[in-house]
1. Using a cut-off of under 17 Å, list every residue of segment 125-147 whose amide N is near the label point 7 Å from the Cα of A93 along the Cα-to-beta-carbon line.
2. Set the Förster radius R0 to 25 Å, insert the Cβ-Cβ distance between T111 and Q157 as r into 1/(1 + (r/R0)^6), and round the FRET efficiency to 0.05.
3. At R0 = 25 Å, how high is the FRET efficiency between L67 and A118 if r is their beta carbon distance? Nearest 0.05 is fine.
Amino acid sequence: MPTPHSRAPPGAGRRGAATTGLLAVACAAMVGLAGCGAAGSSAAATPTRSVTDTLVGSADLGDLHILDAYIPQQSSNTEAAAYFTVTNSGGTADTLTAVTSPLAASVTLHTTVASGGAETMRSLSQLPVPAHGAATLTVGHDHLMLTNPVRRLMKGQEVPLTLTFAHAGAVTVTVPVVGFTGPQPTDGDSMPGMDMSTHG
Ligand SMILES: [Cu+2]
């Protein structure tokens, strides 16, 4: 079915990420799906690393330190979420302006906003990293969305994410795909027709 994502040619999202800041998209249909991680209103529906998942990705770029990077194994063939923390030990504020991966057609910054009792998703054009501060992407809040991965992302795989900062430049983090304790589809691609088409 046509969606904002499926209409976009591969790679278009990288350029489009900066222009979709006002695009609000419904996420209510995503409860229980790991791809978004935003709509889970109960603990059971929230993808959470299991206790056996100790793998996380990290990288350093000058005063910036990328920590605790992970991707919950996706329950969708079309989208996956990624989470990490960026700490800034320097006195200069920086901004995460773009993320790319060779394994996904596009990677966009998203945040979750509560609206009238429902949670919706909104694209962010950038993510500030304060001086002597940190930016944290966590389940239910800010996160990365990997759209149309070249293959289904499964636990045990690693996904290179290249983060570009306004001042510090670019760094590639190898991000492990980890298991999660939320509801799992029972087959390879459950819930047809309820894919991420509502997810902008
Ligand atoms: Cu999202």
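1. 125-136
2. E(calc), rounded to 0.05, equals 0.45.
3. 0.20
The numbers here are math on the coordinates, done by the rules we state, and not lab data. This is a predicted model, so every value here is computed, not measured. FYI the Cβ positions are ideal-geometry reconstructions off the backbone, even for glycines, and counts take in every protein chain you see.
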